[in-house]
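Asker: Just passing along the structure, written as structure tokens.
Throughout, read-outs are computed from the coordinates displayed, never taken from laboratory work. Model, not experiment: these values are computed from the prediction. Counting neighbours? That spans all protein chains shown, and the Cβs are built from the backbone with ideal geometry, glycine included.
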């Protein structure tokens, strides 16, 4: 039971997704596939961040009826860490921005050479 | 061959690194550091029930400003990257198979979606959700509109104005924080009000609304650019 | 004081506002952007001013009204103020430069640029790790967008590679950040520094990930293909900003984050920096394209910055000073260079020849090249000096070698490029246009370089104005360059005269002797300049620059002043040499040997400096640690200037191809600078408490072999000036050999040769140069019979070679006599024999100067040549008069010299009695010898005159060929390849082993570069693989074993 | 306590599905399937966030990560298809 902690499981999923993301980034030739791999990598990192803020058996960091009185210091003992969640919000939006930009690049690259093979775009070298 | 070997090597090494991280990980049992401070003092200091919002809008408001800027940047870059020439601009997309159902439901749904989005970001300090989520929801409404009718000209100027004004207001509110309270993006220049009310938590609802509008406008802008780029020859 | 938060607020406020205000027009947006950048510059520079001229203390800016770590905070300290001012200034100038390029893309481009500069400011100032990540992302995304202002697919490709690479890096940073937060409960960098993060395995890995991301942002070799492509592929106006502003921010980010790991990472950073610095510059050597070359150079610069950072424990308090100098110079010069590339638009380095169509641009380029290589008076010179001194003081000798090697590689390609710009054939039919908004920023940068260089110097012992007076004179001559030769020549001569007049009373002994050679010799050779017509554009500033350096050497009291003078002299002489007709490759090799020599001197001084309380030049006399190395390096450095065998290959071409009045300057005068250095080192060795005789023994052999080699090579020359050049090598060999003897007699011999060589080599080069000007060829066999047309020149050459060959009655014999005394006294018989035999060889080539040029038949096309110019005759005959006086009354000079030498060499082996000199072996008198030989000559002359009254003159066409007239009558002349017979006997000695060796070295470097650069295949995915491999390798090197 | 156990079992299941989807996204030759699979990964992730008491993140991930991002992917795929035609 001790072993099966939700945080640990999520952490593991996060790591696996990150590795899958890297695998895709390094092995796929198609630019769209590479971008897809990036989104998987991002998702993995996000899961990682959230799971690091997770504390077993606690509620979301929102103080409402489910959390005992405000003045009561029990808030400290009843919510999960709000900071990683705030960070993930930022990370998701950044990831979206980067993905949008990468896709714009992908379109232009395709337009330039009518291919999505990344090894075709080596005009600059040596 | 060598490449595959190297990739395998890299991945195996990453597994090794992450394995070490994983085994050294001990799940948290209590809040420490700044998180403890936020949990204990957050409600008192900021007045927001949703502590994530308190962190996002106030404590780490500067990050959020950067985050909004990233979307803004992306929209701007895509703006000049996917710019159409005059001829393509006038083209009409021939679309087939947009069902009547989709068009009608879009017309019905979009106002509701917009309202929901606004609700989400106005209540950001009380309930889950906030500017980003609300903004994204609004943008989804716009996306639905575009999908229903690919040739629909979204009011570009309106988006631009909303984006611009809400951005400027965000900065101005931040500066008001310096002038009237403790620092840039301090929310306490408006009274914190009663904890749990809609109009409480100082400037947070205001800031989050502008963030929501801005994010919604920016994402819509990006979608619009992509939509238009379909006409490019 | 305006709070730095307004930098962010202003940029974002204006950026958001342009969204709607932009409707008022592109130019409106642009001007608004520039005004905002101006405001940002104002804010940061106000802080900078307050830090350096006021008593401002570092200030934290809290956001959200809470103290860190509760909320994000920014720090504005002296370093932050400096870095962000740099970024904003470059940002503002870049905005002006790119104004219309942005304009074409619409107002959004301005917004992106504004946000880009703002984000770099935040990266500098923020003290929050996650905030750093966010603003780093902003800068990456903005960069990926701004790359697109360049048209074409290459920019798109480069941008894509850039964004995928930076995405990977920021992913790594994010993972590290979150784990750092997990283990410490804070995101504040100061908290992380204080925490004991590295004690746990997870924390250790987190720190690793954070640092590796920061390192990868510095584009370490070889995981930097994406960085190179950005520099090359984007608009050069923007590459400049990336190279300057982003590099500054990345450096500072690494600087901030490095503290999290304490000092444990310093060593790795240093190694990574070293690999990058050398790797990038090595590949630069192979590069043919201007843009790519600058890309390699920019990467190299990042490597150097990492190297400095990694070596911060060696530098202590000087870290900021060194970073300031290196960063500032590289920033300003590299930015200027990129912008210059953007204007000139020539693709390959050779095409850069077109730049000299607008000489002002050549000046700008020259400024940047010399600043980047670290020549005075630019800040990098002082920074490099301090860096090397501090390294040596703390035992970092390996690092000195690394830095100097990398810098040398950099010098290779920059000077090759500059050589093309100055000298390569310009037959291209494309040109370049200049628009004010593009050139103004470059001019401002150049002005800043000079001003900051001057201000930096004020903080060193060079603060005294005196060191800069000659430089101001150079500037004045630059400004007067539009005047005709006559006026400028007069100004130059008067200027040098006045300077000498004022400086003369303060000098004595050794310094006086060399100052006379440099200044009086300089004035005499300048007189010949009156023979030139027109403007002679650019000649006077560089000539005076060389003399400024030479006199700087003499006046130097400290090692820094000495090196300052040495480098100025090198720069000036390089410009003089490259002015010659086919001198491009020779000027390059001259410069490279000079740079290598200068680095050896720098290294030598740095070792000499260890444990010294003073920076005075007298430390040469008291080197306490590694004296063999210190003196060895110093001597090697000085010998590159005296062109000793093996490192001589630059001299024949450089001196042979130089202009007629430049050859004597660089031969008779400039070579003495090397001799002066050798003497300083030897004086030090004579006073040293260590036994350094093995070093002088080697030096003696070097001198002897140089004599042999120089003389034999001179024999087989057809080119009169090259003949003299090889002869110089030989003569300098005598000098080195004589000084290496390290006895009073030996040194007296040395000084005699110094004075003699100065006079007769000036006479010979001036005369031959003047003849060449008249007949239009260097080849001796194409001359002949000129005695009739140029009798005065003939007399000059005759006296010159008599003196050179060392036969009585002239002063050459004085030298020879002293020489054999010294050799016998010392017992270096074997070397002495080599030198003696070489003396015989000298007759062979000297004979040709008379026989081939002046005797024999006059060539058809020389039938109407006139006597050489009066402006050459004046200095020539003045020098001849000096030569005569020295020959007749050598004691006037040698006696005081002997007394002086006695200070260093206590043996009193020579005694003067009036005009008589006595040694253990015998005695001799200058005037006596002269009279005796004079009478003998007169008698023989009269006998011959009387006995050959029946001889008749052979007329021009008194030659009968047995058959037809040969195709090339010149080459059938006896004077052509005159010593072919001897060649068969001595050819093994003339094999250009040194040339082959250096060619082989060059080839090796090129092959290495050509092989290495294949990793930059251009494939974005391969670049990502490089990045992750780099991470993995570093992981196992750094912390892999400790977890 | 019981809740936790259910979450864990669900999380294991979702985790397995997420990983399978991610692998499909990488390996499938068809771009549109890859894109959809990536969207699904994101969607599953947002469910995981909900389990981990992060409703804010779950909302964001669902709306932006799996919704809007996928939409943009399809714009690009569509455009590429048009170029190919």
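Asker: With a bin width of 10 angstrom, please list the P(r) values of the stretch C:865-910 as percents of all Cα-Cα pairs, from the 0 bin to the one holding the largest distance.
Answerer: 23, 29, 24, 15, 8, 2
Asker: Compute the distance from the alpha-carbon center of the stretch C:872-891 to that of the stretch C:37-79, in whole Å.
Answerer: 69
Asker: Looking at the stretch C:64-127 from every direction and averaging, what is the projected area of its Cα convex hull in nm²? If you can, show how the numbers build up before the last one.
Answerer: On the way: hull surface 20.4 nm².
Averaged projected area of the stretch C:64-127's Cα convex hull equals 5.1 nm².
Asker: At a Förster distance of 35 Å, what's the computed FRET efficiency of residue C:479 paired with residue C:618, Cβ-Cβ distance as r, to 0.05? All intermediate terms of the calculation are to be shown ahead of the outcome.
Answerer: On the way: r = 38 Å, r/R0 = 1.09.
With a Förster radius of 35 Å, E is 0.35.
Asker: Can you compute the equivalent ellipsoid semi-axes for chain A, i.e. the square root of 5 times each eigenvalue of the Cα gyration tensor, sorted largest first and rounded to whole Å? Walk me through the numbers before you get to the answer.
Answerer: Values: eigenvalues 343, 56, 15 Å².
Largest first, chain A gives 41, 17, 9 Å.
Asker: Further, regarding this structure: How far apart, in nm, are the 7 Å Cα→Cβ label points at residue C:24 and residue B:2?
Answerer: Going from the residue C:24 label point to the residue B:2 one covers 6.0 nm.
Asker: On full extension of the chain, what length is gained from residue C:1033 through residue C:259, given 0.36 nm per residue of separation minus the C-alpha to C-alpha distance? It would help to have the intermediate numbers written out before the result.
Answerer: Values: separation 774, 0.36 × 774 = 278.64 nm, distance 2.20 nm.
Here the segment from residue C:1033 to residue C:259 would lengthen by 276.4 nm.
Asker: Residues in the stretch A:6-37 near a label at residue D:83, defined as backbone nitrogen under 14 Å from the 7 Å Cα→Cβ point?
Answerer: Hits in the stretch A:6-37 for residue D:83 at 14 Å: A:30-33.
Asker: In nm, to one decimal, how far is the modelled label at residue C:881 from the one at residue C:837, with both set 7 Å along Cα→Cβ?
Answerer: Distance between the two pseudo-spin positions: 4.3 nm.
Asker: Another one. Starting from one equal scatterer on each C-alpha and no solvent at all, send me the Debye-based log10 I(q)/I(0) for chain B at q = 0.07, 0.11 Å⁻¹, two decimals.
Answerer: Debye intensities relative to I(0), on a log10 scale: -0.35, -0.74.
Asker: Any chance you could list P(r) for the protein assembly as shown, counting all Cα-Cα pairs in 10 angstrom bins from zero, rounded to whole %?
Answerer: Whole-percent P(r) values from 0 Å outward: 1, 8, 15, 18, 16, 12, 9, 8, 6, 4, 2, 1, 0, 0.
Asker: Calculate how steeply helix C:584-608 sits against the longest principal axis of the alpha-carbon atoms of chain C, using the helix alpha-carbon long axis, and give the answer as 0 to 90 degrees to the nearest 10.
Answerer: Relative to chain C, helix C:584-608 is tipped by roughly 70 degrees.
Asker: Please work out whether the stretch C:443-518 counts as rounded, prolate or oblate from its C-alpha gyration tensor, where a ≥ b ≥ c are the square roots of the eigenvalues and a/c under 1.5 means rounded, while otherwise a/b larger than b/c means prolate and anything else oblate? The partial results should precede the final answer.
Answerer: Details: a/c = 3.32, a/b = 1.17, b/c = 2.83.
Because a/c hits 1.5 or more and a/b fails to exceed b/c, the stretch C:443-518 counts as oblate.
Asker: Mind pulling the per residue volume of the convex hull built on the Cα atoms of the stretch C:719-814? Å³ is fine.
Answerer: Residue-normalised Cα hull volume stands at 83 Å³.
Asker: A further question on this structure: Efficiency by 1/(1 + (r/R0)^6): what FRET value for residue C:433 and residue C:486, r their Cβ-Cβ distance, R0 = 56 Å, to the nearest 0.05? Before the final figure, lay out the partial values.
Answerer: Working: r = 35 Å, r/R0 = 0.63.
After rounding to 0.05, the efficiency reads 0.95.
Asker: Based on DSSP, what percent of beta bridges with both residues in the protein assembly as shown are antiparallel, to the nearest 5?
Answerer: Numbers: 17 of 20 bridges.
Bridges in the protein assembly as shown that DSSP calls antiparallel: roughly 85 percent.
Asker: Can I ask one more? Can you check what the Kirkwood hydrodynamic radius comes to for the stretch C:450-578, Cα pairs only, in Å to one decimal?
Answerer: Numbers: mean 1/r = 0.0667 Å⁻¹.
By the Kirkwood definition, the hydrodynamic radius is 15.0 Å.
Asker: Please report, to two decimal places, log10 I(q)/I(0) for the stretch C:263-459 at q = 0.14, 0.16 Å⁻¹ as given by the Debye formula with identical point scatterers on the Cα atoms and no solvent.
Answerer: For the requested q values the scattering log ratios are -0.78, -0.98.
Asker: Next question, about the same structure. Under the rule of -39500 (n - 2.57) per DSSP H run of 4 or more residues, summed and divided by the residues of chain B, what mean residue ellipticity at 222 nm is obtained, to the nearest 500 deg cm²/dmol?
Answerer: On the way: 8 runs with 153 residues, N = 233.
It lands at -22500 deg cm²/dmol.
Asker: Report, to one decimal in Å, the Kirkwood hydrodynamic radius for the stretch B:81-159 based on all distinct Cα pairs. Walk me through the numbers on the way to the answer.
Answerer: Details: mean 1/r = 0.0697 Å⁻¹.
About 14.3 Å for the stretch B:81-159.
Asker: OK, next. Distance from a point 7 Å along Cα→Cβ of residue C:1005 to each backbone N in the stretch C:568-605: keep the residues under 15 Å and list them by number.
Answerer: C:585-600
Asker: Can you give me the angle between helix C:720-740 and the longest principal axis of chain C, using Cα atoms only, in degrees from 0 to 90, rounded to the nearest 10?
Answerer: The angle comes out at about 90 degrees.
Asker: In deg cm²/dmol and to the nearest 500, what is the mean residue ellipticity at 222 nm of chain C if only DSSP H runs of at least 4 residues count, each as -39500 (n - 2.57), divided by the residue total? Intermediate results must be reported in sequence, preceding the final value.
Answerer: Values: 44 runs with 730 residues, N = 1043.
Calculated at 222 nm, the ellipticity per residue is -23500 deg cm²/dmol.
Asker: Please compute, for peptide C:110-122, the average count of beta-carbon atoms on other protein chains lying within 10 Å of each residue's beta-carbon.
Answerer: On the way: counts 1, 7, 7, 0, 0, 6, 1, 0, 2, 4, 0, 0, 3.
Averaged over the peptide's residues, the number is 2.
Asker: Now a separate question. If I take every Cα pair under 8 Å that is 6 or more residues apart in chain B, average their sequence separation and divide by the length, what percent do I get for the relative contact order?
Answerer: Details: 297 pairs, mean separation 63.5, N = 233.
Across chain B, relative contact order equals 27 percent.
Asker: Let me have the relative contact order for the stretch D:2-84, percent, based on Cα pairs under 8 Å that are six or more residues apart. Let's see the in-between values first.
Answerer: Working: 66 pairs, mean separation 21.4, N = 83.
Reported as a whole number, the value is 26 percent.
Asker: Using only the alpha-carbon atoms, how far is helix C:926-947 inclined from the longest principal axis of chain C? Give it as 0 to 90 degrees, nearest 10.
Answerer: With rounding to tens, the tilt is 60 degrees.
Asker: Taking beta carbons within 10 Å but only from partner chains, what does the mean come to for residues C:130-139? Intermediate values should be presented prior to the final figure.
Answerer: Values: counts 8, 6, 0, 6, 14, 6, 1, 11, 8, 1.
Neighbouring Cβ atoms belonging to other protein chains average 6 per residue here.
Asker: Now for a different question. What FRET efficiency do you get for residue B:107 and residue B:29 if R0 is 51 Å and r is their Cβ-Cβ distance, rounded to the nearest 0.05? Intermediate results must be reported in sequence, preceding the final value.
Answerer: Details: r = 52 Å, r/R0 = 1.02.
Result of the calculation: an efficiency of 0.45.
Asker: Further, regarding this structure: What does the structure give for C:1005-1015 when I average, per residue, the other chain Cβ atoms found within 10 Å of the residue Cβ?
Answerer: Details: counts 0, 0, 0, 0, 1, 1, 0, 1, 2, 2, 2.
Counting other chains' Cβ atoms within 10 Å and averaging over C:1005-1015 gives 1.
Asker: Now for a different question. Kindly provide the helix-only [θ] at 222 nm of chain A, computed as the sum of -39,500 (n - 2.57) over DSSP H runs of four or more divided by all residues, to the nearest 500 deg cm²/dmol? Don't jump to the answer; show the numbers that get you there.
Answerer: Values: 4 runs with 81 residues, N = 126.
Computed ellipticity for chain A at 222 nm equals -22000 deg cm²/dmol.
Asker: Ok, one more. So for the stretch C:263-459, averaging the separation of alpha carbon pairs under 8 Å that are six or more residues apart and normalising by length, what relative contact order in percent results? Can you show the working numbers first?
Answerer: On the way: 265 pairs, mean separation 56.7, N = 197.
Result for the stretch C:263-459 is 29 percent.
Asker: For the stretch C:197-280, rounded, prolate or oblate, judged on the Cα gyration tensor with a ≥ b ≥ c (square roots of eigenvalues), a/c < 1.5 rounded, else prolate if a/b > b/c?
Answerer: Prolate shape, in that a/c is at least 1.5 and a/b is the bigger ratio.
Asker: Rg/Rh for the stretch C:818-865: what does it come to with C-alpha atoms and Rh from Kirkwood? Working shown, then result.
Answerer: Values: Rg = 18.4 Å, Rh = 13.5 Å.
We get a ratio of 1.36 for the stretch C:818-865.
Asker: Please state the shape class of the stretch C:782-883: rounded when a/c is under 1.5, otherwise prolate if a/b exceeds b/c and oblate if not, all from the C-alpha gyration tensor. Show your work: numbers first, answer last.
Answerer: Details: a/c = 4.40, a/b = 2.00, b/c = 2.20.
Verdict is oblate for the stretch C:782-883.
Asker: Specify the inter-centroid distance of the stretch A:1-55 and the stretch D:17-46, based on alpha-carbon positions, in whole Å.
Answerer: Going from one Cα centre to the other spans 12 Å.
Asker: A follow-up question, please. Cα atoms only: what Rg and Dmax, in Å, come out for chain C?
Answerer: 32.3, 115
Asker: Compactness ratio of the stretch D:2-84: Cα Rg over 2.2 N^0.38 Å, N = residue count? Mind dumping the intermediate values first?
Answerer: On the way: Rg = 14.8 Å, N = 83, 2.2 N^0.38 = 11.8 Å.
The stretch D:2-84 yields a ratio of 1.26.
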